[in-house]
Amino acid sequence: MESRTLSFLRPLVAGLLLIAGALLPAAAASPVTLQSLEMGYDRLLLHFNHPFDRSNVHHFVLEGKGSFRYVFDLKKTRLGSRGIAKNLHYGPQIRSIRIAQYRRDTVRLVIETPEAYAVAHYPLKSDTYLIVLPKGSGGGHGSIHGLFASIGSKSTSKTDKAPKHRSVKHNKKRGKHKSDARKPAKSRLMKDRPLSPHRRYRIIVDPGHGGHDTGALDPTHRYREKDAVLQIALRLRKHLKRMGFDVVMTRSSDRFIKLHRRTRYANIKHGDIFVSVHANAVGHLSRAGVAHGVETYFLSPARSARARRVAAKENSVGFTRYYRNSMNTFLKTLTRSKIILSNKLALDVQRSILANLRSRYRGVEDGGVRPAPFWVLVGAEMPAILVETGYITHPWEKKRLFNPRYQDLEAKGIAEGIARYLLNRERELE
């Protein structure tokens, strides 16, 4: 009887051992160690000893009376030391940053703020994770900075204005030093002579659509938005580089990039300005001969049916229900200061485009500067705008959009508008 029992148990035990052997490697996989935190002016970097998987981050927000707690649970993670957050310095935009070993394999990070803000988080490198903080919360400590960290208004706190080293500095000795020419006079902005601003500014140029996404088409389907905007964007890069800017393109050839990846790329590249280049269109043939002109948009809830229509057209590619919900959440957390900065940039760019085009062409319509919920602008940590360079459905404006001289003047206008904005911004921060 005993031998029969043993013969029955042997295969059962063997099967259990095989199952346990398959599960042990996953269970025994050692968690990564969070070694240090690094505070920048508008971001917090988490440094790990090994590659950290984004899927191990669980984020949620706890809202209380006059308090917002942004909670990050880092799974499969252990804390390198208890005092890892002791040396962090931050301003009044943050009430506290707390971190602890929440569970045996989970580290909990809590960022408490008095006001809601548009939080974002993503891997910067395989072993480095970035969490966006309210602008200016780092108080100028650390080596990570953003150009537009403070608001620049008269009501801004001293902590907000801390990084004055971002302003253009003048050498006491005149003559041979290059720094004397880095801040051009205002009167030079609209002249043919190229600007020579400080090279610290990085401009992210985003030609819309690309690849299988042709964008808007004219009634004959001969003129495609993706082609026109790429040509204008490449000319814009040329003008910006002549002015001394560092330029990064989201695409420089005919390829498709998902909307949400464009601003994420801009954030990873630490851009100071984000400009997305597009061409407008109307769906009804009856209006094709009427609607024309240049328009510039900045991210904000749409206030007009026209703005909603334009945004819906540009958001149409891959704009799922998930992204629509994310858009609504992001728009609710947009602060007035972030909207104002992008609005100012849009105004300067629009004025400069019109001035350049009208110097050579008649009938250039001013479509104005408008707020609109563009998905391609969501998540940008820098002032961001979208330029509708003209209507590809209009009989003669579509031809102008493919005219090299017209393209060059429009690109020059965008570049000079960016330069004007940066100079005004520097004066506000001085």
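Could you put ILE204, ILE340 in order, starting from the residue whose Cβ has the fewest other Cβ atoms within 10 Å? Walk me through the numbers on the way to the answer.
Values: ILE204 25, ILE340 16.
Listed from fewest to most nearby Cβ atoms, that is ILE340, ILE204.
Restricting to DSSP loop positions (anything but H, G, I, E, B) with no more than 10 other Cβ atoms inside 10 Å of their own Cβ, which chymotrypsin sites (Phe, Trp or Tyr not before Pro) remain in segment 208-274? It would help to have the intermediate numbers written out before the result.
Working: sites: TYR223, PHE245, PHE256, TYR265, PHE274; in loops: TYR223, PHE245, PHE256.
Listed in order of number, the matching sites amount to none.
Among VAL107, VAL71, VAL290, which comes first, then next, by fewest other beta-carbon atoms within 10 Å?
VAL290, VAL71, VAL107
As a test of understanding, state the convex hull volume per residue of segment 32-132 from its alpha carbons, in Å³.
91 Å³
Using the 10 angstrom Cβ neighbour count as an exposure proxy, how do LEU377, LEU217, LEU423 rank, fewest first?
With the fewest neighbours first, LEU377, LEU217, LEU423 line up as LEU217, LEU423, LEU377.
Hey, got a sec? Which chymotrypsin sites (Phe, Trp or Tyr not before Pro) in segment 380-411 land in a DSSP loop and have at most 15 other Cβ atoms within 10 Å?
Sites meeting the loop and neighbour criteria: TRP396.
Bear in mind that the values in this text are calculations on the coordinates, not laboratory data. Just so it is clear, the structure is predicted and the values come from calculations on it, not from any experiment. Because the Cβ atoms are built from the backbone with ideal geometry, glycine has one as well, and the counts that use them run over all protein chains shown.
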